[in-house]
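Below is one structure, written out as structure tokens; the observations come after it.
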Amino acid sequence: MTASILDGKALAAQIRSELAEKIRERTAAGVRPPGLGVILVGENPASQVYVRNKKKACEEIGIRSLSFDPPATITQADLLAKVHEWNADPAVDGILVQLPLPEHINSQAILEEINYKKDVDGFHPVNQGKLMTGLPGHVACTPLGVLVMLERSGVELKGKHAVIVGRSNIVGKPVAFLLLSRHCTVTICHSRTQDLPGVCRSADILVAAIGKAEMIRGDWVKPGAVVIDVGINSVPRDGKNKLVGDVAFAEAAERASLITPVPGGVGPMTIAMLLSNTVDSWTAATAPTP
Ligand code: NDP
């Protein structure tokens, strides 16, 4: 292997401790603690694990988490009522709605009802529009995690060719706009892209956000490229389930200069950015009025 590993777990731990320090300092000076309202509808086991991890991460750094865990039969009106209640609550700095929601609920309508200043997931169209136009606002956690990883690792972005494989609204597109804002030349690929291996081979920075286990092979990677693997796929290996990314890690690491592992790469950064967005929201909400 020639690549160095971009250790998302260590970087996320460092960011969490910086945020904890900031919360300690400001609450010691009399500011109320930050609050995150978390909505978990129904009993999807994967969602329960994600929410538990997010709440634990909040508590560890001093963010108060509030819970609303209604059954899957909740009506759209009752769910909206909770969003409205937390929108109006000055002690709630961020509102997170764990997806997916049950089919009878219009997820987009719920997400759009969150006050965009409390939209710490960065999914509100106002925040997505701000990202596109270069205005400050909450950026979706996984794309922000990708950018922060690159910047904190000292990767030169200006003028580099970034190829993003995947064009979803929650990963691929926001990653592309973030890298564009840092002066990369950006190519976005998707399922209809022609000669995907050839396009990937032209990337100085290759970001995989596809959801297909180990699809990107080693010979798709330009020697010396930086490879960021957002994918999380569970595959059967040796009689057990194993988590792998969208990149064939061992092959790609032979050619890349820097590469993220799965697990331990982008995943931990996502939670760190949720905390960071919540702390930003709290900082703005509790700033002294001039
Ligand atoms: P989506 O399914 O919403 O999007 C996948 C994208 O990949 C689409 O744009 C699709 O193209 C493209 N794609 C699919 N097949 C191909 C192909 N054969 N060739 C080229 N492009 C293809 O997924 P998400 O963006 O939500 O997630 C992507 C991955 O990232 C998943 O593995 C997910 O689990 C992971 N993830 C990880 C997070 C983390 O915290 N680390 C957080 C969020 C997601 P098209 O638009 O044409 O259909």
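The values are calculated or read from the model by the stated rules, or taken from the named source; none is laboratory data. Note that the structure is a prediction, hence the values are computed from the model and not measured. Note that we place each Cβ from the backbone using ideal geometry, even for glycine, and neighbour counts take in every protein chain shown. What goes into the accessible areas is simple: the full protein's heavy atoms, side chains included, and nothing from ligands, DNA or RNA. Shrake-Rupley method; radii C 1.70, N 1.55, O 1.52, S 1.80 Å.
Determine the equivalent ellipsoid of the range 30-116 by diagonalising the alpha-carbon gyration tensor, then write out the semi-axes as square roots of 5 times the eigenvalues, largest first, rounded to whole Å.
22, 17, 9
Which percent of Cα pairs goes in each bin when the distances of the chain are cut into 5 angstrom slices starting at zero?
1, 6, 12, 15, 17, 16, 13, 10, 6, 3, 1, 0, 0
At 222 nm, what helix-only mean residue ellipticity would the chain give, in deg cm²/dmol to the nearest 500, using -39500 (n - 2.57) for each DSSP H run of four or more?
On the way: 10 runs with 120 residues, N = 290.
It lands at -13000 deg cm²/dmol.
Sequence gap at least 6, Cα distance under 8 Å: using those rules, report the relative contact order of the range 141-266 to the nearest whole percent. Please list the in-between numbers first.
Numbers: 275 pairs, mean separation 27.2, N = 126.
About 22 percent, as a whole number.
Hey, what angle do you get for helix 266-285 against the long axis of the chain, alpha-carbon based, 0 to 90 degrees rounded to 10?
Between the helix axis and the principal axis of the chain, the angle is about 40 degrees.
Which whole-number percent gives the relative contact order of the chain, counting Cα pairs below 8 Å spaced six or more residues apart?
RCO, the chain: 22 percent.
Under 5 Å between amide hydrogens, which residues at least 5 positions from Lys242 or on another chain qualify, with H placed 1.01 Å from N in the peptide plane?
Under 5 Å from the amide H of Lys242 lie the amide H atoms of Val235, Arg237, each far enough along the sequence or on another chain.
How would you rank 269-280, 184-195, 7-18, highest first, on the average number of other Cβ atoms within 10 Å across their residues?
So the order, starting with the most tightly packed, is 269-280, 7-18, 184-195.
In the range 30-116, carbon and sulfur make up what percent of the accessible area (probe 1.4 Å)?
Working: 2290 of 4230 Å².
Ligands and nucleic acids excluded, carbon and sulfur give 54 percent.
Exceeding 22 Å between C-alpha atoms, which entries from my cross-link table qualify? They are Lys130/Lys173; Lys22/Lys55; Lys55/Lys173; Lys22/Lys54.
As for pairs spanning more than 22 Å Cα to Cα, those are Lys55/Lys173.
Can you list the residues, at least 5 places off or on another chain, whose amide H is less than 5 Å from the amide H of Ile216, using H built in the peptide plane?
Val247, Ala248
Residue by residue through the range 16-21, what is 3J(HN,Hα) from phi via Karplus (6.51 cos²θ - 1.76 cosθ + 1.60, θ = phi - 60°)? Round to whole Hz and write x for glycine and proline.
Listing the rounded values in order: 4, 6, 5, 5, 4, 4 Hz.
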